[in-house]
Amino acid sequence: MSVLSVSGLHATVGDTEILRGLSVEVRSGEVHAIMGPNGSGKSTLSHTLMGRTDYTVTSGSVQVDGEELLGLPTFERATKGLFLAMQYPVEVPGVPMAALISASLRSRGVDTVDLDSRIATEADRLHVRDEFLLRGVNDEFSGGEKKRIETLQLALLRPKFAILDEIDSGLDVDALRDVSRRVEAMTKEQNLGVVAITHYARLLTELRPDHVHVMMAGRIVASGGPELADELEASGYEGVAARLGVAELAIEKQESSKVAFDRGKTESLADVLKAAGSKADDPFADPLA
Amino acid sequence: MSISKSFSTDVARGLGGPSWLVDRRVRASGSLDSITWPTSAEEIWRYSRIEDLDLEKYRPVSAERLGAADNESAPGGGPFAREAGEHSGMLVVHDGRVVHHEIDPDLEAKGLRVCGLATCDDSDEIANVLGSVSSVSADAFTVLNDAFMPGGALISVPGGVVVPHPIVIVHWCDGDLEASFPHTLVVAGESSEVTVLERFSSPNTDHLVDAVVELVVRDNASLRYLSVQEHGPRTWHIGLQRAHLGRDARLASAAVALGGGYARLRSESLLDGTGAMSEQVAVYFGDSDQMLDFRTLQDHAAPHTRSELLFKGAVEDTAKSVYSGMIRIREDAQKSQAYQTNRNLVLTDGAGAESIPNLEILANDVKCAHGSTVGPIDDDQRYYLESRGISPEEAERLIVLGFFDDVFGRLPSSSLTNSLQRSVVDKIEHRRTR
């Protein structure tokens, strides 16, 4: 039995405090749903737990079985038993699933014997076609395929706790069902603890939670059983906020707090033609654009 | 810039070989006086380190040190030839002089030639073809090569002959403060098929390599060509690789550039016959204070031609890279397609990459696209892999190898892929231990 314990978590992005004292405790085999409107800090929560460096924790604690994770780099949090299924899984061209899983398992000291057949078995369960295993991970995959691939990795890496960041967004109901069935099976077979962060109640009809939390403006404002999800479904976030007397649902991010990534220089053909003094309606305009 | 007195007509003459070759060298050396040496003010040398090249301090490798043209003393092709696996022929070239050649006798009986330019039987035929490609794109260094090439590697595939295994050329260039002038001529006859794997290397000596590679791909022939440059860190390499493609000819060429202090490759394809197809790909990885410099040309001179170029590089430490590419589509090259992509990873703060794509399109019914990127490893990719428990070091290794994966997948021979990937990984790991 393991425990993921988040207490009094405060975190900022740039100048804005997004998490404002969030606490939740999850045990092995439990499914917790954290539901919140846009801007309530859901994504900040998942990346803060995983240690993304764009987010600064100002106070609080995140522990797995009493061991503090805050301060550890992302990869060590993963090896301590945390897994984040991302809302927008990143495309990694040229790195196929086997290479990624093999490196992930090796860093945990887990053997990679029969890895190909383990991957094939999981792919079958999740209805992932072979071609998606051979290509670079997520490279030009559809939203649904990406979420199946996240779940496939979750199943192979066997963490203690999985944070599912909007695993239900951007996929059709078949994929949602496959993903939910697989996660549910892991909670039973491997005693996986789950934190499902979501905007939509739809997920909860597939992945039945034991505990439901409502998140607003960076903290948990209500916790209960599945009936809380029903209330949300019936009266919406505004209705629940009104019942609780919560005025602030979302956090307005300050402009300066936007995280910027330098992706280097990318010149399109149009730019090049412009620089060369060609006409914008050049007949040789980029056919791939 | 000027050259030392040791680059004399007497030295050019003294390098020996058949009279046509001696005459050719003497002619070229005579024109050296009037040559204009390049400066970085010229567009084609922009961003290069040509100003740092002090030609005065080098002398051509002497006839004495090269030995007689027919004195073949080197036995094997070293690790490169072993890794290349089964081959149909091999040439070992020391400082531009062929010192060993071997060929599958069955293919030799069919007319395949794998031999030294200075010692081959079909000398007159060679004399007509030699320089027919490189002279079209001559610069000071091709003239210098003409003046001091002691011989060179010749691969000539007769029409219709399919060479089953690669032909391997292994160059070794050494001699402190010496300059060597390797010259390779590959002629793929009509409807023939051949794969050539060429490797340049040198020890840690201050040596100048001025290399010319001419690729003649006759009508409907297929040539797959890989050049691997793994020079020592103080070697200067200035190379021209130019291909002329006939009707329906296919060229798949690849360059892997890892070594050298300053190493430059002009890679050019002239699509001269209708339906010709040219592919140019490259992997380059600069570390320490290396500069890797590429100038490419996709020159479409006939209709229905297609060219594809994919150059990918990484730089770390204070290394620099330059990519400058031109797609030229001439007036009568209608219905042609040309694609050019250059992508660069800058792995450390002190490193840098220049990327300059150019188009010159004179036909009006063509498809053409190019793209270029320069930037660090994507933070999101790093984070994604690290979130799976992969250490930052391993994540970087995976991302860099993944970045190069599509080029490695397109090398003309897969036998060398693993060892070349290993060399890339070694560079990344070497930085971490410094």
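The values are calculated or read from the model by the stated rules, or taken from the named source; none is laboratory data. Predicted, not measured: the structure shown is a model, and the values here were computed from it. Note that each Cβ is placed from the backbone with ideal geometry, even for glycine, and that neighbours are counted across all protein chains shown. Only protein heavy atoms, including side chains, enter the accessible area calculation; ligands, DNA and RNA are left aside. Shrake-Rupley method; radii C 1.70, N 1.55, O 1.52, S 1.80 Å.
Brief remarks follow.
- Some residue of the range A:65-88 being open to solvent by less than 30 Å² (accessible area, probe 1.4 Å), in contact with a Pro (Cβ under 8 Å, 6 or more places away or on another chain), part of a helix (DSSP H, G or I) and more than 10 Å from every other protein chain (Cβ to nearest Cβ): no
- Of the residues contained in the range A:1-10, one or more are found to be modelled with pLDDT of 95 or more, touching a strand residue (DSSP E or B) at 6+ places or on another chain (Cβ under 8 Å) and open to solvent by 40 Å² or more (accessible area, probe 1.4 Å).
- Residue satisfying all of: in the range B:188-201; polar (S, T, N, Q) and open to solvent by less than 10 Å² (accessible area, probe 1.4 Å); farthest from B:His171 (Cα to Cα) among these: B:Ser192
- Residues that are more than 19 Å from A:Lys160 (Cβ to Cβ) and in contact with a helix residue (DSSP H, G or I) (Cβ under 6 Å, 6 or more places away or on another chain) within the range A:105-114 comprise just one, A:Thr112.
So that you can scan it fast, the table gives a plain yes or no per residue for (1) β-branched (Val, Ile, Thr); (2) part of a loop (DSSP other than H, G, I, E, B); (3) out of contact with any Lys or Arg (no Cβ under 6 Å at 6 or more places or on another chain); (4) without any contact (Cβ under 8 Å) to a residue 40 or more places away in the chain:
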position	(1), (2), (3), (4)
A:Glu145	no, no, yes, yes
A:Thr151	yes, no, no, no
A:Tyr200	no, yes, yes, yes
A:Met215	no, no, yes, no
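- For the range B:202-227, the set of residues classified as outside any loop (DSSP other than H, G, I, E, B) and free of Cβ contacts under 8 Å to residues at least 60 places away in the same chain consists of B:Val209, B:Val213, B:Val217, B:Ser222, B:Leu223, B:Ser227, listed by residue number.
- Screening the range B:63-174 for helices (runs of 4 or more DSSP H) wholly inside it with 1 or more residues that are free of Cβ contacts under 8 Å to residues at least 60 places away in the same chain and open to solvent by 10 Å² or more (accessible area, probe 1.4 Å) returns the ranges B:63-66, B:78-84, B:105-109, B:123-129.
- Residue within the range A:170-178 that is open to solvent by less than 10 Å² (accessible area, probe 1.4 Å), over 15 Å from the mean Cα position of the chain (by Cα) and within 27 Å of B:Val407 (Cβ to Cβ) present: no
- Here B:Asn358 meets the list (1) touching a residue at least 40 places away in the same chain (Cβ under 8 Å); (2) surrounded by 16 or more Cβ atoms within 10 Å (Cβ to Cβ); (3) more than 7 Å from chain A (Cβ to nearest Cβ) almost entirely, failing just condition (1).
- For the range A:92-125, the tally of residues that are facing another protein chain (nearest Cβ under 8 Å), farther than 30 Å from A:Glu25 by Cα and not in a helix (DSSP H, G or I) stands at 4.
- Qualifying positions in the range B:393-414 - open to solvent by 30 Å² or more (accessible area, probe 1.4 Å), more than 7 Å from chain A (Cβ to nearest Cβ) and without any contact (Cβ under 8 Å) to a residue 24 or more places away in the chain: B:Gly409, B:Ser414
- Qualifying positions in the range B:361-375 - more than 7 Å from chain A (Cβ to nearest Cβ) and open to solvent by 30 Å² or more (accessible area, probe 1.4 Å): B:Leu362, B:Asp365
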